[in-house]
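Below is one structure, written out as structure tokens; comments come after it.
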Amino acid sequence: MPDKSPLPPCWPTSCDGSGADASGLEQSELGHHFADCQTLRGRLHFLRGGADTLHGLVSARFMTSALVVLALAIVGHWVL
């Protein structure tokens, strides 16, 4: 298998055979972009992360989660 493809790169972000390191300006701009995104998301990002974690836990253990909810409902009905 050849090390390099005979075809030219077909995407605009290719490094054309040179190093793929990002320049300082690119890294700086990326840092500013991440900071802006984090500012815009704020508290909702934290809540979304918690909801995604809970969803992952429940969906991976659907039957167990359903049985726990059912047991809590039965105990709650019995206590009241």
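Read-outs: derived from the displayed coordinates by stated rules, not from any lab. Bear in mind the structure is a predicted one, so any value in this text is a computation, not a measurement. Counting neighbours? That spans all protein chains shown, and the Cβs are built from the backbone with ideal geometry, glycine included.
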Legend entry - Computed FRET value (nearest 0.05) for Leu57 with Leu25, which takes r as the C-beta separation and R₀ as 30 Å: 0.10
Inset, instruction - When a/c is below 1.5 the answer is rounded, else prolate if a/b is larger than b/c, else oblate, so apply that to the range 19-80 with a ≥ b ≥ c taken from the square roots of the Cα gyration tensor eigenvalues. - result: oblate
Legend entry - Residues His33 and Val68, FRET efficiency given R0 of 35 Å [Cβ-Cβ distance, rounded to 0.05]: 0.25
